[in-house]
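Only one structure is covered here, and it is reproduced in the block below.
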Amino acid sequence: MFRRRLKNRSIRIFVGTLAVTLAWSSLCTTSSWAQTEKTSSRPQLNKGAQDATTNIVAVVNGQSITRQELAQQCMERYGEQVVESLVNKHLILQACKQQGIRITNQDIENEIEAIATRFSLPKDRWLEMLQQERNINPEQYRRDIIWPTIALKQLATDELIVNDQELKDAFESEYGPKIQARMIATSDRAKAEKLLAAVKADPAEFGNLAKKHSEDPNSAAARGLIPHIRRHVGEPKVEAAAFALQPGEISEIVSVANQFLIFKCEKRLPATPISPAYRKIANEQLKERIIDRNLRDASTTIFQKLQQGAEVVNVYNDPSTRQKYPGVAAMINGQQITIRQLAEECIARHGHAVLDDEINHKLLRQSLDKAGKKVNEKDIDVEIARAAEAYGFITRENEPDIERWLEEVTGQEGIDVKTYIRDAVWPSVALKKLVVDDVKVTSEDLNRGFEANYGERVDVLAIVLSNQRVAQEVWDMARGNKNMRFFGELASQYSIEPVSRANLGEVPPVRRFSGQPAIEQEAFSLSSDDPLSAIVAVADKYIIMFYKGRTEPVVEELSVVQDELAKDLKEKKMRVAMAQRFDDIRDGAQIDNFLSGASQSGRTGRPQASTRTKASPASVKISRPASQSPKLIRPASRKTATQPE
């Protein structure tokens, strides 16, 4: 159900690999893992055919992890993607040979140099950053990203030519006029009609109505303010409607997909002046951006043609062919990719990260054994149901919609249910077992949580600055003209924080016990008689606020929400305790990681040949899939209470 065939995914998988380069260029069931694991349905490495694969890759408190075990786990997680990537690399290589295309080492180094130069970095520093930030070593970068990128560029030469109209559109998008606007979004046409009538009757209420009714949470929090609308980058109907408006005017309803949108023009921003000298540089940068975009589009066409002209058998992803070709992962025009080659390629690409996961798993199992506790099937089911409910997957009977949740989370992350349970659910359950007896919710927790989530908040405008001298100058200007409109203009000119800068200082209201006591104290001291705050220093930032008003408490009495609040607070405190317990387990362990060359001798020792001194909470994947996904890093529910300070 969750596996995809080669024809459906191979193009996306390989282009996804290239996207590491292209994306950097643009920005700078469930019982299997209860307690013991069932044998994988995937092809296994043949123990008798191993050489290097029998080596020990790590020792955790005296217990070994073998290279074969690591290879199997790498293939479980990434085998499908890696085999498809290898197939596509073979197809590209064969196409290059047929067309007489030869890529030299110097071509590869020149490409890396060009990419590094775009970010004003030396090549060595660029490669170092890829290693540190993306865990991509230089050899892998050259082999799996740069070489295919160059090859595709040469195979798609005719499709990468940038015409004058493309360059003109890109220039207008980047440097042309923009519209500063507010937006109301709703999925109900009738509701949109009523809102349109209301804002046309009283345009000054647009922001308040957006805050109350818009279904887009980001803009609703800023009273409808959205990032500047530019030409040639989004939905043409939206751009046409926005650019037809003058300041203060309101659009008709714009229908996009299943949303009905209303816009109010706040300001028309003129084009950015560009000197003739810089125009040439700007055009070259835009041209590179267009080539990258066109390459992604051309890659799809190229792979379709290559696949149509090749005989590809993906043995690894097709159970019906495994018996016929034992030990084979794929065949391209009769040429074999063996399971062993696939295993070693998986280790080369993902071994370090997967081994870290395996070390964490072993540590948790050891801790459970020491505590005399076990994770059973029921525990797994309960945790999956909790996650489904937390993310709003509820049936009509008001029960967790587990099936739909599993489809969502596995489809979004490109994994199967088994991997999700092993990498996300099981660690959560294991850590909960270890800390559950230590987590209590006190009356003070409830009172502070209630005030944080349901109590009064202060609505402010804010300016964020990185320099104290500039902050003092801006504060002096604000003090000389204490009105919201002027403060908003200052925010749009000086704030270094993107949301407040783009939205005339609009930020979410300040609540108590949010984790920023200095900001809270200053915000709650403001009033209409004294609306301008002092300069609040937070870390290396300087914040100035302007009072707009106070919100009404969402709920008046704690008793109304006490049960839900207690449940949410306990889950949040549980998460904190789980992260701390895991850090304690990791710090106290004796670990020899031979793959990375790092060792630690326990709590009193220090890691050797490694800058990592302790695992972050993200190192053990608590209720989220193997790949990092910000969307999945959330507390217990969408209404989860804030942990009291």
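Below are the figures for this structure:
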{"read-out": "For segment 134-240, size of Cβ-based charge dipole, Lys and Arg +1, Asp and Glu -1, in debye", "value": "520"}
{"read-out": "Shape of segment 173-224, Cα gyration tensor, a/c cut at 1.5", "value": "prolate"}
{"read-out": "Dipole magnitude (debye, nearest 20) for segment 296-428, charges at Cβ of Lys, Arg, Asp, Glu", "value": "520"}
{"read-out": "Calculated FRET efficiency for the pair Gln521/Ala197, C-beta based, R₀ 56 Å, to 0.05", "value": "0.85"}
{"read-out": "Surrounding net charge for Asn333, when Lys and Arg each add one and Asp and Glu each subtract one, Cβ distance under 15 Å", "value": "+2"}
{"read-out": "Quotient of C-alpha Rg and 2.2 N^0.38 Å, computed over segment 278-374", "value": "1.82"}
{"read-out": "Net charge, Ser495 excluded, C-beta distance under 14 Å - Lys, Arg +1, Asp, Glu -1", "value": "-2"}
{"read-out": "Cross-link pairs beyond the 29 Å C-alpha cut-off, checked among Lys373/Lys573; Lys237/Lys305; Lys373/Lys572; Lys305/Lys418; Lys212/Lys482; Lys123/Lys305", "value": "Lys237/Lys305; Lys305/Lys418; Lys123/Lys305"}
{"read-out": "Hypothetical label at Ile253: residues of segment 182-216 whose amide nitrogen lies under 13 Å (7 Å Cα-Cβ projection)", "value": "185-198"}
{"read-out": "Taking only Cα atoms of segment 177-269, radius of gyration then Dmax in Å", "value": "11.7, 33"}
{"read-out": "Förster radius 30 Å - calculated FRET efficiency between Glu284 and Gln132 (Cβ-Cβ, nearest 0.05)", "value": "0.55"}
{"read-out": "Among Gln99, Leu196, Ile161 - extreme Cα towards positive end, dipole of segment 85-208, charges at beta-carbon", "value": "Leu196"}
{"read-out": "Computed FRET value (nearest 0.05) for Asn218 with Ala190, which takes r as the C-beta separation and R₀ as 22 Å", "value": "0.35"}
{"read-out": "Normalised convex hull volume, segment 403-496, alpha-carbon set, Å³ per residue", "value": "264"}
{"read-out": "Burial ranking of peptide ranges 381-392, 438-449 (average Cβ count within 10 Å, highest at the top)", "value": "381-392, 438-449"}
{"read-out": "P(r) of segment 87-138 over all Cα-Cα pairs, binned every 10 Å from zero, in whole percent", "value": "23, 36, 30, 11"}
{"read-out": "Integer Hz, Karplus 6.51/-1.76/1.60 couplings in order for segment 122-129, x for Gly and Pro", "value": "x, 4, 4, 5, 4, 5, 5, 5"}
{"read-out": "Sparse-neighbourhood loop sites, GluC sites (Glu not before Pro) in segment 255-314 - DSSP loop, at most 14 other Cβ within 10 angstrom", "value": "Glu311"}
{"read-out": "Charged-residue dipole, Cβ positions (Lys, Arg, Asp, Glu), segment 457-550 about Cα centre, Debye nearest 20", "value": "180"}
{"read-out": "Convex hull volume of segment 457-550 per residue (C-alpha atoms, cubic angstrom)", "value": "81"}
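Any read-out appearing in this document is the output of simple, stated calculations on the displayed coordinates, not a laboratory observation. Predicted, not measured: the structure shown is a model, and the values here were computed from it. Cβ atoms come from the backbone with ideal geometry, glycine included; neighbour counts cover every protein chain shown.
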